[in-house]
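Shown next, in structure tokens, is the structure this report addresses.
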Amino acid sequence: MSAQVNHSYHTERKGVTALAVMIAEMGHIWRETNTGDIGIDGQIEFVSVDGQARGPIIAVQIKSGKSYIIQDDLNNIVYYPNAQHSAYWENYPLPVILIIYNPEDNTLYWEDARQALRAKDKKNKILIPQTNKIEKENRNDIFKNCYNSDFKYTENVKEIVYEMSLKRTNNAGFLITWAEMFCYGLTDICQELYYGMDLFMTIAETRLKAGCGIGLCSIEYDFMFDFIKYLVSQNLVHIDFSNVNRVWETNHMLPTFVAPLTRRGKQLVIAFHEIEKDLIEKNIIKQREGLHVAQEGFYSMDTISFIQRVPLIKDFIDTLRKDKINP
């Protein structure tokens, strides 16, 4: 008796092949999982239009077949992951892109499953807008939660110093540059970068002109979030970009975080020092004893936010300790 090949096998392979072809046309790199697949069919590595591979990678799960094209009232494709896949994707270290392949029209639909499952209002379902199609023209969309390609990669680190210095708001009530956001945010002996609205407000207040007051519009908020995109695009900090992007897109708020500098980020600190030294030697700026442009600053939690809870937290912990020590 001959072996029987299940029809679903061919359908699944069509989906994988269609994706592999599309990724090749986009110019990215597709790596299929050959062994041990428990919810990830492969990975896609980002390659810039000029052929540079700088590390951004996403994981992929492909579901092939017309049976997966289940729509809700808003024409979203609805996918219900099982409990195992739901937990696995939510905790995966890379963004997990769920792809639904329709063999009837050779269309690939996608959504960031990890991002969807991490949302506050998740209902163990993933909604895929039918506008989310993997197409050559949208080559960067699937990487939106791990990499930002809005800014051209700058090879020379010293040039980044000038780029960050030139990038400034035009609002007299909120004058601030990316260079200031970087230099004032340095902490932990310049090994990490603090990012927070409190810091940026303080910087803007120190630069206020007489008669002006702090004024913020959507343009200024976009400017501050674009700084995060720039840091990621230049590989200056180690950061979970998907998390800060979710805060921005879902809650419409600027995130607060402390991120370790990458090796390149530390080189940028040195570049600030070298340019500063050169300007001092040329008598363009004055040397200030013990002070540098790029220097460590300290940050701390605002005691007002928790001081009133001290008695409550103490009673809570003392009660738990007592119950365990004297059951």
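Each row is one residue, and each column tells you yes or no for (1) assigned by TED's automatic domain parsing to the domain that holds VAL21; (2) hydrophobic (A, V, I, L, M, F, W, C); (3) without any contact (Cβ under 8 Å) to a residue 24 or more places away in the chain; (4) under 25 Å from ASN251 (Cα atoms).
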residue: ILE100; (1), (2), (3), (4): yes, yes, no, no
residue: TRP110; (1), (2), (3), (4): yes, yes, no, yes
residue: LEU117; (1), (2), (3), (4): yes, yes, no, yes
residue: GLU137; (1), (2), (3), (4): yes, no, yes, no
Would you confirm, using the coordinates I've provided, whether LEU117 is crowded, with 19+ Cβ neighbours inside 10 Å and assigned to a strand (DSSP E or B)? no
Hey, could you check the stretch 9-32 for residues that are of a type in the set (Asp, Glu) and part of a helix (DSSP H, G or I) and say which is surrounded by the most Cβ atoms within 10 Å (Cβ to Cβ)? GLU12
Residues ASN124, ASN102: which one is of a type outside the set (D, E, K, R), touching a helix residue (DSSP H, G or I) at 6+ places or on another chain (Cβ under 8 Å) and on the phi > 0 side of the Ramachandran plot? ASN124
Based on this model, can you work out whether GLY290 counts as modelled with pLDDT under 90 and under 22 Å from ILE203 (Cβ atoms)? yes
Of the conditions (1) out of contact with any Ser or Thr (no Cβ under 8 Å at 6 or more places or on another chain); (2) assigned to a helix (DSSP H, G or I); (3) touching a residue at least 12 places away in the same chain (Cβ under 8 Å); (4) of a type in the set (S, T, N, Q), the single one that GLN52 does not satisfy is (2)
Residues in the stretch 135-164 that are aromatic (Phe, Trp, Tyr) and under 16 Å from VAL60 (Cβ atoms): how many? 2
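The values are calculated or read from the model by the stated rules, or taken from the named source; none is laboratory data. Note that this is a predicted model, so its numbers are computed, not measured. Positions of Cβ are backbone-derived with ideal geometry, glycine not excepted, and every protein chain shown enters the neighbour counts.
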